[in-house]
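Q: Pasting a structure here, questions to come.
The values are calculated or read from the model by the stated rules, or taken from the named source; none is laboratory data. Since we're looking at a predicted model, the values are computed, not measured. Cβ sites come from the backbone with ideal geometry, for glycine too, and all protein chains shown count toward neighbours. In case anyone asks, the SASA skips ligands and DNA or RNA and just uses the protein heavy atoms, side chains included. Shrake-Rupley method; radii C 1.70, N 1.55, O 1.52, S 1.80 Å.
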Amino acid sequence: MTWRLTARSRLALLYTGLVLAAGSLLTVLTYLLLFRSLRLHIDEAMSKLLTQAAPALLVVTALAGLTGWLVAGRILRPIRTIADTANRLSAENLAERVPVGQPADELATLAATINGMLDRIQHGIAERDRVLNSQRLFVANAAHELRTPLTTIRTAIDVTLDGEPDRAELVAMAGDIATALEASQRTLDGLLILARSQAGPPRRTPVDLAEVAAAAVAGAADRAANGAVTLEADLRSAPASGEPVLLERMAGNLLENALRYNHAGGHVTVTSGTANGRGFLRVVNTGRPVTPDEERRLFEPFVRGAGNGTRGAGLGLSIVRAIVDAHGGEISSTARPTGGLDIAVHLPQAPVSGDGRR
């Protein structure tokens, strides 16, 4: 094992050596002066010793002080580097780090500690900015998306009440308002889930994606039957770690998207399992051909495809991506040559506990 002196030990040894060297030099000078003076009368020798030793002592002391100043400055140079780095840092520039020198003494430990603190501050500021950006996106998107249903409500009221409406006109107005309110509710629900998934790391519990997918398939069965779409499932155990509510919404949105942008006589296939140490959920659907530009923009908020006559808020797949990102997973999409999409989600598997259970 290599034995390393600390900065405190090095300083102590250096200054001890300097004092020793200065004392030795002074002793030698004194000896020489005394030896020279012994030839004279003792009183004259002592007088000359004092008068000649005093300047020598001053010279040696000055040299020792200057040498100590230079050596201490060199040893303490890392502290000046730390101070200069700290002065250059700001809320907009936290990328710079203090150089960690060798050997691994107290100064190197101080530099490493400051770098760790800067890493935590930078991470905290990045998290703050991400949350603020998510909130700004939520407000902007909510204002944009709610403008249309509110305009529909206002127009329905103004047109219907411009005169003396009969019962049929009032019922039609109420239906238009109810449809607009339902669209507003869907948009708000989607935005809230999107904001929640982007707000920070979710609570992690063991989840089997096969069970999550089975519940989503059961919930979408009626809609698939009404649209004359064949819904098939091949679900094998896919252990993952995440928040069940968000993962259920993820699976539900994947199936909803697969059915919305399908056609009569089409099909949707849902599979789950494990691959490369991760649980996966895959949804493949038929439908119209998807262009490369549409595929690139599928996961952006409020991007809507040409569906089967239905209209959504354009948040389904953006919510899926946000949930996958929040869980540290990966999502991929492939446009099928015959039409439709092949979307696969891979999530980290549930950690194994000490007793061997997941």
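Q: Inside region 125-147, can you point out the residues that are modelled with pLDDT under 70, surrounded by 13 or more Cβ atoms within 10 Å (Cβ to Cβ) and within 19 Å of L181 (Cα to Cα)?
A: F138, N141, A142, E145, listed by residue number.
Q: Return the residues of region 272-288 that are of a type in the set (V, I, T) and either open to solvent by less than 30 Å² (accessible area, probe 1.4 Å) or outside any strand (DSSP E or B) (or both); say none if nothing qualifies.
A: Hits for region 272-288 are V283, V284, T286.
Q: For a quick check of your reading of the model, give me the residue pairs whose first member lies in region 281-298 and is farther than 19 Å from H263 by Cα, whose second is open to solvent by less than 20 Å² (accessible area, probe 1.4 Å) and part of a loop (DSSP other than H, G, I, E, B), with beta-carbon atoms closer than 7 Å and at least 6 apart or on different chains.
A: Hits for this filter: L281/A238.
Q: From the list L192, L150, L161, which residue is under 33 Å from the mean Cα position of the chain (by Cα), open to solvent by 40 Å² or more (accessible area, probe 1.4 Å), at pLDDT below 85 and not charged (D, E, K, R)?
A: Testing whether each residue is under 33 Å from the mean Cα position of the chain (by Cα), open to solvent by 40 Å² or more (accessible area, probe 1.4 Å), at pLDDT below 85 and not charged (D, E, K, R) leaves just L192.
Q: Determine whether L209 is open to solvent by less than 20 Å² (accessible area, probe 1.4 Å) and in contact with a Phe, Trp or Tyr (Cβ under 9 Å, 6 or more places away or on another chain).
A: It is true that L209 is open to solvent by less than 20 Å² (accessible area, probe 1.4 Å) and in contact with a Phe, Trp or Tyr (Cβ under 9 Å, 6 or more places away or on another chain).
Q: Give the residues of region 242-261 that are under 18 Å from A326 (Cβ atoms) and open to solvent by 10 Å² or more (accessible area, probe 1.4 Å), sorted by residue number.
A: E243, P244, V245, E248, R249, G252, N253
Q: If you don't mind, another one. Go through region 315-342 and give me each residue that's part of a loop (DSSP other than H, G, I, E, B) and under 15 Å from the mean Cα position of the chain (by Cα).
A: H327, G328, G329
Q: Quick one: would you say N262 is out of contact with any helix residue (DSSP H, G or I) (no Cβ under 6 Å at 6 or more places or on another chain), closer than 20 Å to G227 by Cα, at pLDDT below 90 and among the polar types (S, T, N, Q)?
A: Criteria not met by N262.
Q: A further question on this structure: Name, by its number, the condition in (1) open to solvent by less than 60 Å² (accessible area, probe 1.4 Å); (2) of a type in the set (A, V, I, L, M); (3) more than 28 Å from the chain's Cα centre (by Cα) that does not hold for A264.
A: Unmet for A264, out of (1) open to solvent by less than 60 Å² (accessible area, probe 1.4 Å); (2) of a type in the set (A, V, I, L, M); (3) more than 28 Å from the chain's Cα centre (by Cα): (1).
Q: If you don't mind, there's one more thing I want to ask. Only one of P337, P292 is open to solvent by 30 Å² or more (accessible area, probe 1.4 Å), at pLDDT 75 or above and touching a strand residue (DSSP E or B) at 6+ places or on another chain (Cβ under 9 Å); which?
A: The match here is P292.
Q: A follow-up question, please. Being more than 27 Å from the chain's Cα centre (by Cα) and open to solvent by 80 Å² or more (accessible area, probe 1.4 Å) is the filter; apply it to region 87-109 and report the residue that is modelled with the lowest pLDDT.
A: Step by step, filter region 87-109, then rank; the result is Q102.
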